[in-house]
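The values are calculated or read from the model by the stated rules, or taken from the named source; none is laboratory data. Computed from a prediction, not measured in an experiment: that's the story for all the values here. Cβ sites come from the backbone with ideal geometry, for glycine too, and all protein chains shown count toward neighbours. We work out accessible area using only protein heavy atoms, side chains counted, and drop any ligands, DNA or RNA first. Shrake-Rupley method; radii C 1.70, N 1.55, O 1.52, S 1.80 Å.
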Amino acid sequence: MFSGVTGILNRGHKIKGTVVLMRKNVLDINSLTTVGGVIGQGFDILGSTVDNLTAFLGRSVSLQLISATKPDATGKGKLGKATFLEGIISSLPTLGAGQSAFKIHFEWDDDMGIPGAFYIKNFMQTEFFLVSLTLDDIPNHGSIYFAYEEDNRRIVLQTYLPSETPAPLVHYREEELNNLRGDGTGERKEWERIYDYDVYNDLGNPDSGENHARPVLGGSETYPYPRRGRTGRKPTRKDPNSESRSDYVYLPRDEAFGHLKSSDFLTYGLKAVSQNVVPALESVFFDLNFTPNEFDSFDEVHGLYEGGIKLPTNILSQISPLPVLKEIFRTDGENTLKYPPPKVIQVSRSGWMTDEEFAREMLAGVNPNVICCLQEFPPRSKLDSQIYGDHTSKISKEHLEPNLEGLTVEEAIQNKKLFLLDHHDSIMPYLRRINSTSTKAYATRTILFLNNNQNLKPLAIELSLPHPQGDEHGAVSYVYQPALEGVESSIWLLAKAYVIVNDSCYHQLVSHWLNTHAVVEPFVIATNRHLSCLHPIYKLLYPHYRDTMNINSLARLSLVNDGGIIEKTFLWGRYSMEMSSKVYKNWVFTEQALPADLIKRGMAIEDPSSPCGVKLVVEDYPYAVDGLEIWAIIKTWVQDYVSLYYTSDEKLRQDSELQAWWKELVEVGHGDKKNEPWWPKMQTREDLIEVCSIVIWTASALHAAVNFGQYSYGGLILNRPTLSRRFMPEKGSAEFEELVKSPQKAYLKTITPKFQTLIDLSVIEILSRHASDELYLGERDNPNWTSDKRALEAFKKFGNKLAEIEKKLTQRNNDEKLRNRHGPVEMPYTLLYPSSKEGLTFRGIPNSISI
């Protein structure tokens, strides 16, 4: 913006400025200790002000301009005089919620050149959030607009590659990055803005006993894992490698600063569920024995959405004062807890039970990126046979060929007609331990056939247990096939439930947590440590990091920790996180690109003549069809943007910040995978385009696909149970007799019980919601996010393309021939529609992983 700028400023000229600040939101991630405590603070922020605006005047906040064109004797940009805020601007049409505008005048002589950055210092105890600074009436130049969203002492720069930074600003650019990196020592303090890495060593609490200890994830071959943000808390007494836990979790101040936005209430609602709702409901079920912990019938489950579940008055008063919880825990003036009906039953109450819907959700459900095209028969295990013996599937040709429309198994595989949902290897090494608790589960394999109508049909489900004589003897397996009548149909429904329990755990811990939340955090850290805020790639990626470290720290505090909600309500229990670590061993960054993922799973074949270079094996695959459209638009936008700044591969190779960023991301952020040969070398523009496209896809569209449908599908626990508590009943047993006489009761006694269901529904309803001020793909919170008009034009093109695609997806959903887009539950696939309103919408692609 300032290269080649010339002009003379009159001596003594005063530059008029407007500063926009946002008061600190007291709803801090660490401030929620009791629901009542937050309410007292929460209404202050909504109904009045945190700090009287006049407190910002006087000598409370100072700014110093830095010259972009005139160096001092040391070569640094000249500093202007410190100037203080002068007066409140009562009306400014562009002000957002909670924002306030102030006048300021800077003394700026003719030998100072053109301002290119500034320092801001806060002399108050109260923090604030800097939104923007506008400088007007700069002679021979006009106005300069600085938009940045941080607090405390900091500099704000315009957009330059490192080699193009005006010489007077080079020092300030480097100084800022050094400040953000810190020195890697000591416990981090609340007000610091330091980004650093650590392993996941804060999930357990070994000082409370062996049962509360959890392995350190990351830094070892046994438990590899992406890195998290370092907090530096002291080690536990019993295990020096584990970090002590507390209600306070350090976040770099730029990440933790509370935006005044409705998504705060969603985030703190999650924490409230963990700290207030869970204990309250535990007392109802286990201390007061107020209500049985078993559902008696499917109608009773539906009653959660129709009449609600009756609870003691004092319990409801404890769990529903927060605004977000008031909406979730509907009471209608009575002592009942009531949930909104999930989409999966809004048209058909029983559609979820059909084989067609069971299979369709593998293509259009909340976990649509696991199913594979069957490559070999019978399916084989990748487990070490020296340790686990032979785990080759017991599903035979005789189980399949009567239903292959005249094909042999070999012909069906050759024609890409057979598919596999494989939840065998991921759970089998832990199954003996899992089944030693109150839960009872199987490793599962499901084989499906693609019929001539392009619908998947399940043909066989294999349920496997570790051999009773020891792991080295392999597995004991049982094969079940579809049935429509009698006790066989009830057995088949149970077999599908065991599959879905495994799929629910894999979805929550791998597809959702590991493959989006956890793998993105190292990118957030590396970007802030090595890419200056003026770097074009920083500006490209920054919107896709918003609130990710915040929500991840909350997850470690309340969701994925020892005794957290995931351990309480999902089958994997205390082994949840370490099991996700085992899956990370096979994680490949380049396979996170949607076309590469589809090819890896055999769901697409390479085809240079097709969009994105791939042709789908299943034409009616809603997640893949819509996802490829979004992927192509993202990659085109990234390509257009990158080409503006890197006119040659050599220019990219000489970018010191970019090379340092990528080196640290690979060697530290994902350090347990640093020796893998598949990492892009970051030597070409195509490398950078692919990397940035994968990051944006993962943080936006992939996360949207696996997150915002959770309540729509899983809000009916019958459809997506998270626990199994009994083995398949054997003939002659009391459980088998119950299955014959009361199949619904037997099913309900097998899957997630009532207490865990209420917790699960409470959490996934919050996770599935959009905030009122959500920013979606193709949107920015500031129209002046860059001074480069070429980039703004490319971004406008990106937004227009997304709007066009949304219309195309809507038309696709109106095509009755595409049955997988609706299924028996009559639920159109809308998860990858780019836009959304607030609430439970089953659509919308936010920019970032913010919930």
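So here's what we get for this one:
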item: Of all accessible heavy-atom area on the chain, the percent that carbon and sulfur account for (1.4 Å); result: 49 percent
item: Helix axis angle, 35-47 relative to the chain longest principal axis, alpha carbon, degrees; result: 40 degrees
item: Cut-off 16 Å (backbone N to label point 7 Å along Cα→Cβ of I413), residues of region 359-373; result: 372-373
item: Mean-position separation - Cα centroids, region 806-826 and region 370-432, in angstrom; result: 30 Å
item: Computed FRET value (nearest 0.05) for E779 with S436, which takes r as the C-beta separation and R₀ as 56 Å; result: 0.65
item: Mean accessible surface per residue for the chain, computed with a 1.4 Å probe while every protein chain stays in place, in Å²; result: 38 Å²
item: Exceeding the 23 Å Cα-Cα cut-off - candidates K14/K70; K76/K121; K70/K651; result: K70/K651
item: Amide N proximity, region 106-129 versus A167 label position 7 Å along Cα-to-Cβ, cut-off under 11 Å; result: none
item: Helix 167-181 vs. the chain, principal-axis angle (Cα, 0 to 90°, nearest 10); result: 40 degrees
item: For region 407-460, projected area of the alpha-carbon convex hull averaged over all directions, nm²; result: 4.8 nm²
item: The chain - charge dipole about Cα centre, Lys and Arg +1 at Cβ, Asp and Glu -1, debye rounded to 20; result: 1040 debye
item: Partners for K271 among lysines (Cα-Cα distance below 16 Å; same-chain residues under 8 apart left out); result: K326, K568
item: Length-normalised contact order for the chain - Cα pairs under 8 Å, 6+ apart - percent; result: 15 percent
item: Approximate spin-label separation Q683-D111, in nm, with each point projected 7 Å along Cα-to-Cβ; result: 5.0 nm
item: Linear extension gain, D136 paired with M124, 0.36 nm per residue minus alpha-carbon span; result: 1.6 nm
item: Unsatisfied cross-links (Cα-Cα over 25 Å) in the set K496/K745; K635/K796; K582/K615; result: K582/K615
item: Debye log10 I(q)/I(0) for the chain, one point scatterer per Cα, at q = 0.05 Å⁻¹; result: -0.29
item: Potential extension, R237-D384 segment - 0.36 nm per residue separation minus Cα distance; result: 49.3 nm
item: Within region 337-367: backbone nitrogen closer than 19 Å to the N453 label point (7 Å, Cα to C-beta); result: 348-365
item: S246 paired with V740, simple spin-label distance in nm, labels 7 Å along Cα-to-beta-carbon; result: 6.2 nm
item: Unit Cα scatterers, Debye sum, region 528-583: log10 I(q)/I(0) for q = 0.16, 0.24, 0.28 Å⁻¹; result: -0.64, -0.87, -1.04
item: Angle in degrees between helix 754-767 and the longest Cα principal axis of the chain, rounded to the nearest 10; result: 30 degrees
item: Inter-site label distance for E826 and K808 at 7 Å from Cα along Cβ, in nm; result: 2.9 nm
item: Over region 572-716, relative contact order from alpha-carbon pairs under 8 Å, at least 6 apart, %; result: 23 percent
